[in-house]
1. Computed FRET efficiency, Cβ-Cβ of residue 112 and residue 90, R0 25 Å: what is it to the nearest 0.05?
2. Students often check this: by mean Cβ neighbours within 10 Å, which of 161-172, 116-127 ranks highest, and how do the rest follow?
3. Round to the nearest 10 and give me the degree value, 0 to 90, for the angle of helix 107-117's Cα axis relative to the longest principal axis of the chain.
4. Any idea what the dipole of the chain comes to, in debye rounded to 20, about its Cα centre with Lys/Arg Cβ at +1 and Asp/Glu Cβ at -1?
5. The range 55-114: which trypsin sites (Lys or Arg not before Pro) are DSSP loop and have at most 12 other beta-carbon atoms within 10 angstrom?
6. Tell me which of 68, 203, 189 sits at the most positive position along the dipole axis of the chain, charges placed on C-beta atoms (Lys, Arg +1; Asp, Glu -1).
7. Report ³J(HN,Hα) in whole Hz for each residue of the range 223-231, in order, from the Karplus equation J = 6.51 cos²θ - 1.76 cosθ + 1.60 where θ = phi - 60°; Gly and Pro get x.
8. Residue separation times 0.36 nm, minus the C-alpha to C-alpha distance between residue 46 and residue 182: what's the value?
Amino acid sequence: MRSPAAKRNVRLVIRYLILFAVAVPMILPLLWMISTALKEDLAVFTIPPRWIPDSFKWSNFPEGLKAIRLGQRFLNTMFVAALACAGQIAASISVGYALARIRFPGRKLWFYLIIGSMMLPGMVTVIPVFRLFSRLGLYNTLWPLIIPNFFGGPFYQFLTRQFLAGIPQSYDDAARIDGANRFQILTRVLLPLCKPVVATIIIMQFQASWNDYLGPAIYLIKEDIWTLSRALGQFASGNYGTRWNLYMAANIFYILPVLIIFFAFQNYFMQGLGSMTTTGVKA
């Protein structure tokens, strides 16, 4: 008969084997991207495909970054993503705090409207929002990609409201006894406790803004203000074919900021997801 320690080791091995089997299909596209980025032009179309190139062409990386004009477009994309995250955090925390901590007429109605708006497809707002920004004279600028985020996203507002609703009311009462007003309670007491939900918003919104292609394709005409997603999309649809090795090399650098943001906030992110599964939809 096996000892308890042996049984735990067997379960651990089985668990890791299952995780490995699930992880391999997810990692293969990334490995193929790296392999393609290191190949010669003709070696990309070799049949049968070769995972390991005969010779590693490292010059594909500087050539790919030069082709998409990485410098200015990286700054444009980072500017949009950073302000979008700041806007979503400010709006979501404010709305979430109001719905979770302040009792006012129509609070439940607003909460249900926010939940209902999550079922509204984003495509139905493209034309009216485009007309609005065109009349405001903001067409062909970065601002249409930034300003909507300062009104908050329904999902982030719902997530923040649910997270704040799970914090005991005694925190507010203790701060109010010490003379704190609502703004001080939010910024000095509750906001430090909201690191998991803030990290979740940062990761999800940064990825959404960084990978957004539809918005830049609609609003950005001048090449000087293109984002990286717009530049990569244009590079992939070249008139004379696509050099896939250069395209993959540029894509490797393109995904690095998203990976860095995720690994920097992953611990808080998992806590934020945990709060979603443990908090009910209670108005």
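Values in this text are rule-based calculations from the coordinates and carry no lab data. Just so we're clear, the structure is a prediction, and the values are computed from it rather than from any experiment. Counting neighbours? That spans all protein chains shown, and the Cβs are built from the backbone with ideal geometry, glycine included.
1. According to the calculation, E is roughly 0.60.
2. Final packing ranking: 161-172, 116-127.
3. 20 degrees
4. It comes to approximately 860 debye.
5. 103
6. 189
7. 5, 5, 10, 4, 8, 5, 4, 5, 5
8. 42.4 nm
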